[in-house]
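K.L.:
First, the structure itself, so that you have it in front of you.
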Amino acid sequence: ILKDNIHVNGYEVSGRSHVIEAAVSDVCGTATFYQNEGVCGQCSSLYRADTNENVEEITVQTLALDSCRDQFGAVDFIIIDVEGAEYFAFCGMRQLLIENHNVRLIMEFAPGHMRRAGVEPEQMLSLIQELGFTIYQINEVTAEADPVEQSELVKEQSVNLYLVRES
């Protein structure tokens, strides 16, 4: 669907979009991906959920974005929804984030998914702050980015965050 969307909107020939078929992580290699059959995206992850009964295990390529950042021009927007692997994705694109000071991100923040990956939500929040981002919660009703206390975020099941560096 993503490739079709890129083609239909003319981004393929413009070079503005790049599709790399790999799971973003902190290392380049391979990993087991747990694909929840019959459910598009939700609960499919590099980290198996104990509640999934109909899970297919497949091997996928993993990619640290820092390893291929020379292929991109300036990066100004990133969306991350990786069902618990957010911390590792950030670690694998640390240099890309540092070099692109004006980059903005939208990411899912789901403490339960992060814990399944062996990461405490506070670790993720610390990394976000270390990289200089201010954290806003996206209001599901108004779609506005509202200030949020980190102590409230760790209590949430799943929220979307907007990350920006204030200059």
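K.L.:
Please report, in debye to the nearest 20, how large the charge dipole of the chain is about its Cα centre when each Lys and Arg carries +1 at its beta carbon and each Asp and Glu carries -1 there.
P.N.:
Charge dipole, the chain, about its Cα centre: 360 debye, nearest 20.
K.L.:
Ok, one more. Would you mind computing, in nm to one decimal, how far apart the modelled labels at residue 11 and residue 143 are, each placed 7 Å from Cα along Cα→Cβ?
P.N.:
About 1.7 nm separates the two model spin labels.
K.L.:
On a 1.4 Å probe surface of the protein chains, which of 56, 166 comes out largest in accessible area, and what is the full order?
P.N.:
166, 56
K.L.:
Okay, moving on. R0 = 25 Å: FRET efficiency of residue 72 with residue 1, Cβ-based, nearest 0.05?
P.N.:
So, using R0 = 25 Å, E works out to roughly 0.70.
K.L.:
Shape verdict for the chain, please, from the Cα gyration tensor: rounded (a/c under 1.5), prolate (a/b greater than b/c) or oblate.
P.N.:
rounded
K.L.:
So, one more: Treat region 85-167 as a sphere of radius equal to its Kirkwood radius over Cα pairs and apply Stokes-Einstein at 20 °C in a medium of 1.002 mPa s; give the translational diffusion coefficient in µm²/s, rounded to a whole number.
P.N.:
Approximately 164 µm²/s, per Stokes-Einstein.
K.L.:
Using protein chains only and a probe of 1.4 angstrom, how many square angstrom of residue 113 are accessible, to the nearest 10?
P.N.:
That residue has around 40 Å² of solvent-accessible surface.
K.L.:
List the residues of region 127-167 whose backbone N lies under 17 Å from a point placed 7 Å from the Cα of residue 120 along the Cα-to-Cβ direction.
P.N.:
Flagged as within label range: 127-130, 150-156.
K.L.:
Here is a follow-up. So, taking all protein chains as they sit and a 1.4 Å probe, how much accessible area belongs to residue 81, in Å² rounded to tens?
P.N.:
Roll a 1.4 Å probe over it and residue 81 shows about 90 Å².
K.L.:
Find how much the distance from residue 61 to residue 99 grows on full extension, using 0.36 nm per residue of separation minus their present alpha carbon separation; answer in nm with one decimal.
P.N.:
11.2 nm
K.L.:
Right, another one. To the nearest 500 deg cm²/dmol, what mean residue ellipticity at 222 nm is calculated for the chain from DSSP H runs of n ≥ 4 alone, each contributing -39,500 (n - 2.57), summed and divided by the residues?
P.N.:
Using -39500 (n - 2.57) per qualifying helix, the result is -6000 deg cm²/dmol.
K.L.:
If you rank 126, 167, 17, 45 by how much accessible surface each has, with a 1.4 Å probe, what is the order from largest down?
P.N.:
Result of the area sort, largest leading: 167, 126, 17, 45.
K.L.:
Within region 47-86, find all residues whose amide N lies under 17 Å from a label point positioned 7 Å from the Cα of residue 130 along Cα-to-beta-carbon.
P.N.:
In region 47-86, the label zone of residue 130 (backbone N under 17 Å from the point 7 Å along Cα→Cβ) covers 65-66, 85-86.
The values are calculated or read from the model by the stated rules, or taken from the named source; none is laboratory data. Bear in mind the structure is a predicted one, so any value in this text is a computation, not a measurement. Because the Cβ atoms are built from the backbone with ideal geometry, glycine has one as well, and the counts that use them run over all protein chains shown. To get the accessible areas, we keep the full protein, side chains included, count just its heavy atoms, and leave off ligands, DNA and RNA. Shrake-Rupley method; radii C 1.70, N 1.55, O 1.52, S 1.80 Å.
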